[in-house]
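Trainee: Would you mind keeping the following structure in view while I ask a few things?
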Amino acid sequence: MKDLIPARSHDLVLAGPVGSVEAYVQAVSTIPILSQDEEVALATRFRDENDLDAARQLVLSHLRFVVHIARSYNGYGLQFGDLIQEGNVGLMKAVKRFDPTFGVRLVSFAVHWIRAEIHEYVLRNWKVVKIATTKAQRKLFFNLRKAKKRLGWLNAAETQAVADDLGVSTREVSEMEARLSMRDVAFDPAPGADDEDGGTYSPAAYLHSTESDPALLVEADDWEQDASGRLAEALEQLDERSRKILAARWLNEDKRTLQDLADEYGISAERIRQVEANAIKKLRGLILAA
C-alpha cells in the first residue's frame, strides 16, 4: 500500500502545467486511479499519522479530475494551465479536509473545493474591474453566462425566467448581462499603436481634462482673487449689523439660524430675514458696480 504511486515518477505534475499543457494532461492521465479501499487507507494514514506521502498520492490520483473540471471554464479567455493550477489548489485543500469515515469518495467531496478555487480565479481575472462581488452576483455570473450561450441577448421573458430561477431581480440580471458584454480597454495605448490597433479608442485618447491646462488654471485663480476682492470691498460698505448677519448666515463655518440671530438682536426672525435679504440685494449691486 505504501507505494501505490512511485514517489518520484509524478511529483512534477503536482504544481500544475509549467510547460506544455498537452504534455501535462497526458502525464496526469497515466496516473492510476485509486480504488475506494486504497483511498480510505491513504486518507486514514494522512489523518491519523500526518503521512504527507499518503496525501501526495491522494492528490496525484485525482489530478485528471481537476483537468476535466477546468475544461468547463475554458471559455473565459484565461489560460487553461492557470485554471488547472487553481483547481489543484482546491484539490489539495479538499484532501486536507477529507474525512474517510464519511463514506463518500474523495472526488465527490473535492469537486466543490476545486470549483470554488477556479471560480475565485475567474472572478479576479476575467475583467480588470470586478463584476461580481456578492454571493448572488457570483451565482448570477456563472449561470447567466451559460444561459447566454444558448439564448444570446435575453428578452424580457427570458430575463424574468433567469431572475426567478436564481432568486434575483430582473435589474440585477440586466446589469450582469451588460457587464458580461463589456471588454477591457487599456487606458494608455501601447507604444506605436495606430488606429487599427485600437490606439485612438483608449480612454487616454479622448478623455480631456480642462484642469490640466495651465492657462485656464491661471485664469481661474485670477477670477477667484478678483471676486474675493470685490466681495470684501462690498461688505465694507454695509452697516455693521447687516455685515454681521450675513457673515453669521453665510460666511462663517458654523452657520446660525434666523431664530438664533433674532434672540441675539432682540427682534423677530422675520425681521432678521428682511435685513438679510436687503443686505444681499445691496451686496449684489455693489459687486456688479465694482
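Trainee: For segment 52-75, does any single residue satisfy the condition of being assigned to a loop (DSSP other than H, G, I, E, B) and more than 35 Å from the chain's Cα centre (by Cα)?
Mentor: yes
Trainee: Contact list please: Cβ distance under 9 Å, first residue in segment 273-289 and within 14 Å of residue 241 (Cβ to Cβ), second residue assigned to a helix (DSSP H, G or I) and basic (Lys, Arg), pairs at least six apart or on different chains.
Mentor: Correct list of pairs: 275/241; 276/249; 279/241; 279/243.
A short reminder: the numbers here are calculations on the coordinates, not readings from a lab. Keep in mind it's a predicted model, so treat the numbers as computed, not measured. Reconstructed Cβ throughout: ideal geometry from the backbone, glycine too, with neighbour counts over all protein chains shown.
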